[in-house]
Amino acid sequence: MTDLLVRGGTVVRATGSLRSDVAVEGGVIVAIEPDLGGLVAGAREVVDATGLLVLPGVVDVHTHTRVASDLEPDRFFRDSVAAAFGGTTTFLAFNNPGTGSSPAAARSLIVGLREWRAATDADSAVDIALSLVLTAAAADPIAELPGAIAAGVPTFKAFMVSELAVDDRTILGALAATAALLALALAAGCGRDPEPVPEARAFADPGFVEAEGWRMHYALTSTQDLPAAIAGSYGIVQRPNLALLVVALEASPPREAAATAGAEAEATAVSLTGVREALALVRRDEAGRPTWLATVEVRHRVPITIEMEARATAEGPALRARLTREFRFE
């Protein structure tokens, strides 16, 4: 039996908008068709959405929602209700200081995860999840990342400035560890630090993953950040909406007998709507290392995700990584 039937609305999907009916059973959308009138008689609830937009629930991945406190025992639930009224059916919250987390949570990712879940269990009108925060108070956050990911937290945030800032080694370690585990780390350059933040260098986002004696390096950079001589040698026309992906393999530690003639790599660009496009990698070995290049179209302030996989030999390990970048055009 159909629990809910929404009729006559304009359904907005990734592929476009079309007047359709939507049928829901057990909390799951089971049909989207131009006319589901045959289900009206057996539906528990029918909603007339004529002249209205029917949208999927919004997922807000960046909120600073505060957990309940003695002074404000309903503040987390109240925020979740506000999200529901605005069409947000899922949100991710951070547990940085100021949101109700304890000093113990700042010292340990696992403690922070358990504390947050205990504080928010059954206290939300919508689906919720946590993005754990790495701060300078953390004892050994890199060591705890695999456990946190296994517990269901695939996203993390590290501050680069203010009293919460972690050092470069921790940020680079978090980027490498989360890439290897197909998770995501956000380095946040916001805060109250009065000192000017130095400009980012070209190739400011390289990362690498390792497995069984091999390392895969990768970077995604705007072609406008490339020196003109390098862009010219690769035959790249520099323009704001074009980025260059570089993937390279090397033995780790370096060794003379590392044969890589049969090395292979592939990369896929994933849009915000989940559209996947295989990138045309061109092999251009550098300094004896298997190296592949590909260009990818990017949009102003629209994040793009690149998934990569490479093997040095047919029998060797598959090294996989994923990065997400947002470009801003002048």
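The values are calculated or read from the model by the stated rules, or taken from the named source; none is laboratory data. Given the structure is predicted, the values throughout are model-derived calculations rather than measurements. Using ideal geometry, Cβ is built from the backbone for each residue, glycine included, and neighbour counts are taken over all protein chains shown.
One table, with the values for the structure above:
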quantity	calculated
Number of positions in segment 298-323 that are part of a strand (DSSP E or B) and surrounded by 15 or more Cβ atoms within 10 Å (Cβ to Cβ)	13
Qualifying positions in segment 80-99 - hydrophobic (A, V, I, L, M, F, W, C) and outside any helix (DSSP H, G or I)	Phe91, Leu92, Ala93, Phe94
Residue tally, condition closer than 26 Å to Val12 by Cα and of a type in the set (Asp, Glu), over segment 58-78	1
Residues that are more than 19 Å from Val209 (Cβ to Cβ) and in a loop (DSSP other than H, G, I, E, B), drawn from segment 262-297	Gly262, Ser271, Leu272, Thr273, Gly274, Val275, Ala280, Arg284, Asp285, Ala287, Gly288
Flag if Leu145 is within 16 Å of Ala185 (Cα to Cα) and in a strand (DSSP E or B)	no
Unique match (being at pLDDT 90 or above, among the polar types (S, T, N, Q) and more than 30 Å from Glu163 (Cβ to Cβ)) among Thr15, Thr63, Thr88	Thr88
Some residue of segment 302-317 being more than 19 Å from Ala219 (Cβ to Cβ), assigned by TED's automatic domain parsing to the domain that holds Arg215, under 21 Å from the mean Cα position of the chain (by Cα) and not polar (S, T, N, Q)	yes
Strands (runs of 3 or more DSSP E) wholly inside segment 21-72 containing at least 1 residues that are assigned by TED's automatic domain parsing to the domain that holds Ser102 and among the hydroxyl-bearing types (Ser, Thr, Tyr)	58-63
Condition met for Ala257 (at pLDDT below 90 and farther than 25 Å from Leu172 by Cα)	yes
Residue satisfying condition, being surrounded by fewer than 12 Cβ atoms within 10 Å (Cβ to Cβ) and closer than 30 Å to Leu134 by Cβ, within set Leu71, Leu92	Leu71
From Ala219, Ala229, Ala176, residue being modelled with pLDDT of 85 or more and either in a helix (DSSP H, G or I) or β-branched (Val, Ile, Thr) (or both)	Ala176
Thr291 being touching an Asp or Glu at 6+ places or on another chain (Cβ under 9 Å) and either surrounded by fewer than 16 Cβ atoms within 10 Å (Cβ to Cβ) or without any contact (Cβ under 8 Å) to a residue 40 or more places away in the chain (or both)	no
Cβ-Cβ under 8 Å pairs, at least 6 apart or on other chains, segment 104-133 side in the same structural domain as Ala150 (by TED's automatic domain parsing), far side modelled with pLDDT of 95 or more and basic (Lys, Arg)	Leu130/Arg117
Hits in segment 226-248 (condition: among the hydrophobic types (A, V, I, L, M, F, W, C) and either surrounded by fewer than 15 Cβ atoms within 10 Å (Cβ to Cβ) or closer than 15 Å to Thr305 by Cα (or both))	Ala228, Ala229, Ile230, Val237, Leu242, Ala243, Leu244, Leu245, Val246, Val247
Residue that is out of contact with any strand residue (DSSP E or B) (no Cβ under 7 Å at 6 or more places or on another chain) and either polar (S, T, N, Q) or closer than 28 Å to Pro154 by Cβ (or both), where the choices are Arg311, Arg255, Arg299	Arg299
Count of segment 127-142 residues which are in a loop (DSSP other than H, G, I, E, B) and either within 15 Å of Arg66 (Cα to Cα) or not hydrophobic (A, V, I, L, M, F, W, C) (or both)	2
